[in-house]
1. Among the candidates 386, 323, 319, 363, single out the residue that is out of contact with any helix residue (DSSP H, G or I) (no Cβ under 7 Å at 6 or more places or on another chain) and more than 30 Å from residue 2 (Cα to Cα).
2. For the range 87-143, give me every one of the helices (runs of 4 or more DSSP H) that falls completely inside it and has 2 or more residues that are over 23 Å from residue 12 (Cβ atoms) and either in contact with a Cys (Cβ under 7 Å, 6 or more places away or on another chain) or open to solvent by 60 Å² or more (accessible area, probe 1.4 Å) (or both).
3. Of the residues 441, 425, which single one is within 24 Å of residue 522 (Cβ to Cβ), outside any loop (DSSP other than H, G, I, E, B) and at pLDDT 90 or above?
4. Could you list, ordered by first residue, the pairs with Cβ atoms under 6 Å in which the first is in the range 488-513 and surrounded by fewer than 24 Cβ atoms within 10 Å (Cβ to Cβ) and the second is outside any loop (DSSP other than H, G, I, E, B) and among the charged types (D, E, K, R), at least 6 apart or interchain?
5. Would you call residue 386 at pLDDT 90 or above, touching a strand residue (DSSP E or B) at 6+ places or on another chain (Cβ under 9 Å) and either part of a loop (DSSP other than H, G, I, E, B) or surrounded by fewer than 17 Cβ atoms within 10 Å (Cβ to Cβ) (or both)?
6. Considering each residue of the range 491-525, count those that are within 42 Å of the chain's Cα centre (by Cα), modelled with pLDDT under 85 and among the aliphatic types (A, V, I, L, M), and give that number.
7. Does residue 470 count as at positive phi, at pLDDT below 85 and not in a helix (DSSP H, G or I)?
Amino acid sequence: MTPMKWFYSFLHKHTRSMIFGLVLVTVISVLAIVKPIVSGAIVDDVIIAGQYEQLPRLIVFLLLITILRGLLRYLSQLIFETCSQDVLYTMRDTVYRKLLQEDFNFYNKKRTGDLLSRQTGDMDAIRHFIAFVIYQVYENVFIFLFALVMVFTVSVKLALCMCLVLPLSFLVTLSQTKNGRPCFWKIREQFSSLNTFVQENISGNRVVKAFSKEDYEIGKFNRENDGYRDAELAAAEIWTKYVPLFEFLSNLLTLILMLVGSIMVIQGEMTLGSYVTVNGYLWMLMNPLRQIGWRINDIQRFTTSVEKIYATYSEEPNVKYPVNAIPCKRLRGDVEFRGVSYSADDEDIIHNVSFHVKSGQTVGILGSTGSGKSTIMNLLCRFYDVTDGEVLVDGRNVKDLDLYNLRQNIGMAMQDVFLFSDTIEGNIAYSRPDCPFEEVEKAAVMADADGFIRQMPEGYDTIVGERGVGLSGGQKQRISLARALLKNPSILILDDTTSAVDMETESYIQDQLRTLDRDCTIFVVAYRISSIKDSDLILVLNDGHIVEQGTHEELLKNNSYYATVFRHQYGEYEKYIRNC
């Protein structure tokens, strides 16, 4: 499907309304043709022939035409504006739904500002095209051709002289279209880049202030701003070069009328009233010529915006919903990795990982930064698809399970905590917005968040800032944990969830986790031994490989990487044994 066909799929259901609107524009244009005829009649019949009794009738006729054109203009603009808003609403909703279906790979490569530009500036260019440009182009073309035909009915000789302007207008139009298209594409690129920069700096303003980099960021903003300005000026150079040419061609029509028409009136080849009539048609010929440059700009902005939006929309996610998905309303929580490997951008991240976890067990995952701990959890949630091997849940490949059901069964407190600009209660109850407050409170108690929440000015109704601004790292982690617990999942993933809390709070949270449903399988990704030492199974990762696996005691006896980390965190092994 081409971008234009995709656009028309949204406009299609409004075809009848648009055609009716164009019919009204046609009537408006025809009524505009009547005015020069009446003006000519006033000159020939009233002023020259002395038929003064016809003047009131002609004046009333002009007044009625003016009122009728005003009413029809209002109705036609209402139709086009309504259609444009409906198309925009449907298109924006469709694109947003597609964005929600995209996988992590898509968002890893896309800039937030670019995606915002698709939903704002580019969408508005499409709305402007439907609401204004379509009927303007149609009206200008219709009036120009119809006025030219009417000039032929008055004087073929004069009309042929005016037609000399048409080939020049056509050539100028082609030239502007060819030269303007790259400029408008550049404008959309620069606008997206500027949008991205502003969004990132507003979100990261605390980092900017912490490093006193205001001047540095202002310099970067000025470069982005200069780039956008230069792109706009480059496009302006195009239309500032061509608009005067169209203005010249339109004024050339006036010159032809004054020169040729005056000679014809003097020689008696045309009446003065006919001359006035042709002069009335003159603005109908001149105005479309003057508008060509502006309308070409609008059309090129529209086509560029449609192509940019469609390019984003048409990107298919790597992680696809299975065709014949297996429903799984409630999973047991049995998890198995069979020879799983994962590569991205020609880089091997996970290599031949295999382990089996039974329902209700707790699994600890330990490893250095970049060893693949979070990637294993992302593969389980099917945020990415494995390159080789299989990830099985309850004995079934996650690629065959209903993706929505699978993720509904998994509660995840992510490493990068994200909180919405909402109340604390709203953030905790995100997965179950209609659940009773008592359950929200219970989840907060389990996550040791109830205490500090109640100390806030409005308790659970306190609005947190964007991304949880105003809360400490430990507070955000505990709210994130409460959000995951409230989901009552079959599989609970805690990805470095207690790194920002003290040891006492961590111990309390671990005690609370032991009270969970026996069928809830828990994965704990951590750097601290204290977070995982009581796990039923501990996986030690290094460079994408599982280098050790077993219980805490078994791994200490291996006297390998796990034991080394343990000594660094707890002191010498012998001292630990004596304390035990």
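The values are calculated or read from the model by the stated rules, or taken from the named source; none is laboratory data. If you're wondering where the values come from, they're calculated on a predicted model, not measured in any experiment. So basically every Cβ, Gly included, is an ideal-geometry build from the backbone, and we count neighbours across all protein chains shown. We work out accessible area using only protein heavy atoms, side chains counted, and drop any ligands, DNA or RNA first. Shrake-Rupley method; radii C 1.70, N 1.55, O 1.52, S 1.80 Å.
1. 363 is the lone residue from the list that is out of contact with any helix residue (DSSP H, G or I) (no Cβ under 7 Å at 6 or more places or on another chain) and more than 30 Å from residue 2 (Cα to Cα).
2. 104-109, 112-119
3. None of the other options fit; the residue is 441.
4. Taking only residues 6 or more apart or on different chains, not a single pair turns up.
5. Yes.
6. Total meeting the criteria: 5.
7. Yes, satisfied.
Residue-by-condition table, conditions (1) within 30 Å of residue 144 (Cβ to Cβ); (2) of a type in the set (S, T, N, Q); (3) surrounded by fewer than 20 Cβ atoms within 10 Å (Cβ to Cβ); (4) modelled with pLDDT under 75:
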position	(1), (2), (3), (4)
167	yes, no, yes, no
173	yes, yes, yes, yes
176	yes, yes, no, yes
179	yes, yes, yes, yes
183	yes, no, no, no
191	no, no, no, no
198	no, no, yes, no
202	no, no, yes, yes
205	no, yes, yes, yes
